[in-house]
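Please read the structure below before turning to the comments.
The values are calculated or read from the model by the stated rules, or taken from the named source; none is laboratory data. Note that the structure is predicted; figures quoted are calculated from it, not measured. Note that each Cβ is placed from the backbone with ideal geometry, even for glycine, and that neighbours are counted across all protein chains shown. In case anyone asks, the SASA skips ligands and DNA or RNA and just uses the protein heavy atoms, side chains included. Shrake-Rupley method; radii C 1.70, N 1.55, O 1.52, S 1.80 Å.
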Amino acid sequence: MKTKSITKLFLLAAFAFSIVSSTTSSIVKYDSIESAYAYSGEQVSDYPNGYYDDCLNLTGDELRNELATFNNPRSKSYDWDRYEDADEAEGHNNKVICLYSRVLFDKSAHAGGSYSSTTWNREHIFTQTAFPNSKTDNHNIFACEGYINNVRGSKHFGEVAHTSANQVKTYGVARDCYTTGSYFEPCDEAKGEVARAVMYCCIYYDYEITDIFDSVETCLDWHNTYSVTDRDIFRNNAVYENQGNRNPFVDHPEFANYIWGDGDNIVMPSNLSLQVGEQYQLDAYVNGYPDIDVNYSSNNNDVVTVDSDGLLTAVSEGNAVITAQAYFGSDLLTASCNITVSKAIVLESIAISPSFETIKINETLQLKITPTPSNASSSVKYESSNPSVASVNTQGLVRGIGQGSTTIKATSLMNNNITATATINVVSSSAVSGSFEKVDSQLNDYNGTYLIVYESSNSLGYVFNPGADNVNSSGNYVEFSIDDGVISDTDAASYAVEISGTSGAYNICYDGTRYIYSSKNDNRIDVSSSPAPSNSISYVGNSTDIASSSAHFRFNSGWHGFRYYKSASYQNQSAIQLYKLVEQSYSASEFANDFLNDLVCNPSGNSAPSKDVWNNLSSLFMTLSAEDKQLFKTAASSGSDDIALCVERYDYIIQKYGASEYPDFMSRGVDLLLAPYLYNNINDTQILICMISLVIASNVTAIIIVAVILKKKKHSNK
């Protein structure tokens, strides 16, 4: 009997050194859409080291004068190419985005002395008739709809009342711009760009902000509130390449406040309530400039103390004022927070929910902290163990960044020994198994997942892109190939809408939170954060008709975009089609078989399994039904069926390499390798024999594990 036990133990030790290798024979891989994007995502200012060195530590007129001594624009011809390059739309290498309307136009659709609903022009921030010195400077010239620019004319920029009478409309479409007889207020997206262009012209053409703004304060407010974007940076880099100089207020936003700024720009809470012993992270910052140092002080350290990083500690009951200070050049900015400290409620524990969740890339998840007792402090500090997989902000909002797994740790600010953790798995944003097939007849029930498509040809479809920044802008679509009435590219799932409801009253939802409809018989898309069951859907004349408030959803081939069009004119626009998601039938047993085929144990134990294959299997797992997922979560890792063999191998991989490397996407909560078996079933002699076998295999880590087990066992026998 003893010999059999030792034999079993040697076999078990040998098994401990097996490792999983991988193949990808049964995983279907899809190619991404092939598009020549000019730019996408995060942009980085591109200029030589030391470019602004002589400007550092200067303020006021000294800084203004120093900027004017270098970085001057080179003379350039008044050609279209350079303006097309600068205002290229993100993700669209053949389109420009217009400054005030944020509408996209084909680059080639520019017009000189005339304008229309299908053309754009190169227009000036400082009008060329009033300020001719800056006529050809690309930092002063933006792509713009001619009609809006004509409405703006030579009016000063400023805030005006947002009334229907003041709202700017172009060809029947209301824009987010407002005007009066004296002032013009652009859309929010343009305000920061306008302010920085004006400040640039003031430096290099000796203008003043009040030559074109109602006040310096308004210009600075727009600059600070609507801070530098990736478009700003891309544009600045493009102009630098074509014109040889940069807008310094894009590269160094703080320069604006150093030259023209004053006033209280520090952002922080004005009031807080704490309990004795509680801590709170006070993240005060200068609006738009998080890198500027902020200093803190308390007027009553007996009640609340604050350290150099803004961490508050409530010492005793009472009231205190925390003051934050920061410098904009020589200008000292100040803000204050009133603190009320009450008697402490002793915190016993905290719970975090959800404690395990799987989200997609770019998807967000709100974590919730529940203290025990319930009236104790729930203030915590969050930390992600792998920020490249998921980030978490100070309020517990998690955002998926890349595929993998991370642990979100919440530490009580009342007692840093009290913590709770949540495991977050992040999978591909297009983890959908199946394809979209064209709806070519009337459906009795339209509930399901769809693409809204304008068929440009039999092989190319323009798919409505509801996630566009401005859902009413032209260019609110992406292109996908159509093969015999089927769109099979898995990336298409990112642009799907969910249709729910009943006949004549359907909701059309995108992003899981926003609903499209038409509130009146008009040419636009209305968006609601709550269900808007006002759409009727029917199949008419070889196309799908979506109607809401007598307006019909169509594609405008001239304007290049989707929207509802009023009943009197919708037939002038192109009809659309619905493509419905037909999910691939994928069972638990099929997944188990794929897992066993794709992750094969490597007896030599010299290489780890492929993380890419693991992540692909994670995405496939997410396509299973909830019932099938539960089978794997609760299955015993013993037996001869495929599911049991699958989870046995799955548990082994996580046990050997850790859930931080191989995310527990099945939510099995795997324990330490072999520990329960060793602890309960072997004696000291067997442990020593096992250690000898492990020494032979040179696995030092396993020796340590067994040694720990031995120590625990001896302690239990005392």
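A DSSP coil position with no more than 11 other Cβ atoms inside 10 Å describes the following trypsin sites (Lys or Arg not before Pro) in region 288-394: K343.
For D594, the solvent-accessible surface computed with a 1.4 Å probe is close to 20 Å², ligands and nucleic acids excluded. Exposure check, 1.4 Å probe, all protein chains in place: F621 carries approximately 10 Å² of accessible surface.
Residues H162, H110 ordered from highest to lowest accessible area at a 1.4 Å probe: H162, H110. A 1.4 Å probe, protein heavy atoms only, puts the accessible area of S529 near 100 Å². Distance from the Cα centroid of region 285-343 to that of region 71-133 is 46 Å (rounded to whole angstrom).
Let me know the shape class of region 481-525, please: from the alpha-carbon gyration tensor, a ≥ b ≥ c as square roots of the eigenvalues, rounded when a/c is under 1.5, otherwise prolate if a/b is greater than b/c, or oblate. Kindly include the intermediate steps, with their values, before the conclusion.
On the way: a/c = 2.02, a/b = 1.89, b/c = 1.07.
Here region 481-525 falls in the prolate category.
The largest accessible area among T119, T163, T634 belongs to the first residue in T634, T163, T119, and the rest follow in falling order (1.4 Å probe, all chains).
Pairs K76/K135; K611/K656; K191/K520; K169/K520; K580/K633; K155/K191: which are spaced more than 21 Å apart, C-alpha to C-alpha? Don't jump to the answer; show the numbers that get you there.
Values: K76/K135 10 Å; K611/K656 14 Å; K191/K520 30 Å; K169/K520 17 Å; K580/K633 31 Å; K155/K191 15 Å.
Correct reply: K191/K520; K580/K633.
The residues L56, L274, sorted by heavy-atom accessible surface at 1.4 Å with ligands and nucleic acids left out, run L56, L274 from largest to smallest. Using a/c under 1.5 as the rounded threshold, could you call region 458-569 rounded, prolate or oblate? The axes a ≥ b ≥ c are square roots of the C-alpha gyration tensor eigenvalues, and prolate needs a/b larger than b/c, oblate otherwise. Taking the square roots of the gyration eigenvalues as a ≥ b ≥ c, region 458-569 is rounded.
Taking a ≥ b ≥ c as the square roots of the eigenvalues of the Cα gyration tensor of region 130-251, is the shape rounded (a/c under 1.5), prolate (a/b larger than b/c) or oblate? Write out the running numbers ahead of the final one.
Numbers: a/c = 1.64, a/b = 1.53, b/c = 1.07.
The shape class here is prolate.
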